[in-house]
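Asker: Structure in structure tokens, see below.
The values are calculated or read from the model by the stated rules, or taken from the named source; none is laboratory data. Note that this is a predicted model, so its numbers are computed, not measured. Every residue, glycine as well, gets a Cβ built from its backbone with ideal geometry; the counts of neighbours run over all protein chains shown.
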Amino acid sequence: MRQELVSKSIMEDIDKQVELILELKKQRNAVILVHNYQRPEMFRIADYIGDSLGLSVKAAETKADVILFCGVKFMAETAKILSPDKTVLLPSLDAGCSLADMATAEKVKEIKKAHPDAAVASYVNTTADVKAVSDICCTSANAVEIVNSLPNKKVIFLPDRNLGRYVQQHTDKEIILWDGYCFVHDKLDADTLSEFKQRYPGAKVIAHPECKEDLLKLSDHICGTGGMAKFAKSDGSKNFIVVTECGMTEKLREDVPEKNFLSFCNICPYMKSTTLPLVARSLVSNMHEITLPQDTIKNARKAIDRMLEFSKNAA
Ligand code: 13P
Ligand code: SF4
């Protein structure tokens, strides 16, 4: 009984917080963009929920005065680059990304000098400074197609070595790999997944390409977070093992209620650092506004625009 009372009061609190945020959002003419890995309650305040590519498209299109990002810093920076006249807010100061921090613009310039004929293809999980020295951006949804679309025979791919290796297996181009990784995906282990699969025979494995190569070999479908629901809906199987950040399973259960989803996952602390109270505070006091130097915006925009242009033409 005590437990029930506690749960009820927490839910009432969440309902009140959601109501307050929806009111503040109206007052500020704000749009709230939410990544698939966020806490489930964040989905209730979202104008759009999606993967990195979908979120960038929405950030470029919006007519709102304020873009509030429930995601991580590189996503909010991308929104600022695409909509520089708007106020872009990232409620949590802890919403970084250790993968994005593994590449620096100085190091990219150094490698470019050693390979002057190579194009630089940067995953969107990079800082604005790195985007500014890149030729084109990509996400997990379009990395292979973007690399294959480049006129260069050689491509410097950064910063994720697992996604880079996956791209390498789907292209004739020479890929120069960067040694970065996402600890959330990289520490998921193939032997443990094998045991997990034996416990659920017949369940199909859907894995994010930031996972290691030996694990990807055990998977039935490899895609970014945006492709997971599409695969689960179209595939004949009833049961799926979802190999990525844990929040994705919640999202798939909502989007594809007729199927069963089991998690083989780790939590991304950066993604989970955004909470409803922080969002409310952010809308009241512009906490924390993303600002970038004009020339970084100008140079980084070229690489992101090339990716968005490619996606538009490919659609
Ligand atoms: P997606 O683009 O697939 O949503 O991935 C973003 C991310 O941070 C993966 O770790
Ligand atoms: Fe970065 Fe990995 Fe978290 Fe994605 S899951 S935001 S790549 S640390």
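Asker: Cβ contacts < 7 Å: first residue closer than 11 Å to MET248 by Cα, restricted to the stretch 218-231; second residue of a type in the set (Asp, Glu) and more than 16 Å from ligand 2 (Cβ to nearest atom), any location; separation 6+ or different chain. Result?
Answerer: So the pair list comes out as ALA229/ASP255.
Asker: Within the stretch 62-80, identify whether any single residue is more than 24 Å from LEU158 (Cα to Cα), loosely packed, with under 14 Cβ neighbours inside 10 Å and either touching a residue at least 60 places away in the same chain (Cβ under 8 Å) or not polar (S, T, N, Q) (or both), and answer yes or no.
Answerer: There is at least one residue in the stretch 62-80 that is more than 24 Å from LEU158 (Cα to Cα), loosely packed, with under 14 Cβ neighbours inside 10 Å and either touching a residue at least 60 places away in the same chain (Cβ under 8 Å) or not polar (S, T, N, Q) (or both).
Asker: List every residue pair whose Cβ atoms sit under 6 Å apart, with the two residues 6 or more apart in sequence or on different chains, where the first one lies in the stretch 162-184 and is buried (at least 21 other Cβ atoms within 10 Å of the Cβ) and the second, anywhere, is at pLDDT below 95 and not aromatic (Phe, Trp, Tyr).
Answerer: Within 6 Å, no pair qualifies.
Asker: Tell me, which residue of the stretch 50-73 that is β-branched (Val, Ile, Thr) and more than 9 Å from the chain's Cα centre (by Cα) is nearest to ligand 1 (Cβ to nearest atom)?
Answerer: Of everything passing the filter in the stretch 50-73, VAL57 is nearest to ligand 1 (Cβ to nearest atom).
Asker: Another question, if that's okay. Which count do you get for residues in the stretch 196-232 that are touching a Phe, Trp or Tyr at 6+ places or on another chain (Cβ under 7 Å) and either over 23 Å from ASN36 (Cα atoms) or aromatic (Phe, Trp, Tyr) (or both)?
Answerer: Residues flagged as touching a Phe, Trp or Tyr at 6+ places or on another chain (Cβ under 7 Å) and either over 23 Å from ASN36 (Cα atoms) or aromatic (Phe, Trp, Tyr) (or both) within the stretch 196-232 amount to 1.
Asker: A follow-up question, please. Since GLU245 meets every condition but one in (1) surrounded by fewer than 23 Cβ atoms within 10 Å (Cβ to Cβ); (2) within 16 Å of ligand 1 (Cβ to nearest atom); (3) not hydrophobic (A, V, I, L, M, F, W, C), which condition does it not meet?
Answerer: So GLU245 meets the others, but not (1).
Asker: Now, a different point. Just name the residue that is modelled with the highest pLDDT out of those in the stretch 47-61 that are of a type in the set (Ser, Thr, Tyr) and touching a helix residue (DSSP H, G or I) at 6+ places or on another chain (Cβ under 6 Å).
Answerer: TYR48
Asker: State all residues of the stretch 274-303 that are assigned to a helix (DSSP H, G or I) and farther than 24 Å from SER122 by Cβ; if no residue qualifies, say none.
Answerer: LEU276, PRO277, LEU278, VAL279, ALA280, ARG281, SER282, LEU283, VAL284, SER285
Asker: Next question. Got at least one residue in the stretch 242-255 being in contact with a His (Cβ under 7 Å, 6 or more places away or on another chain), among the hydroxyl-bearing types (Ser, Thr, Tyr) and under 24 Å from LEU90 (Cα atoms)?
Answerer: So far as the stretch 242-255 goes, yes, one or more of its residues are in contact with a His (Cβ under 7 Å, 6 or more places away or on another chain), among the hydroxyl-bearing types (Ser, Thr, Tyr) and under 24 Å from LEU90 (Cα atoms).
Asker: Return the pair list, or none, for Cβ contacts closer than 6 Å from residues in the stretch 32-57 that are within 14 Å of ligand 2 (Cβ to nearest atom) to residues that are modelled with pLDDT of 95 or more and β-branched (Val, Ile, Thr), at least 6 apart or on different chains.
Answerer: VAL34/ILE49; ASN36/THR225; ASP51/THR225; SER52/VAL124; SER52/THR139; LEU53/THR139
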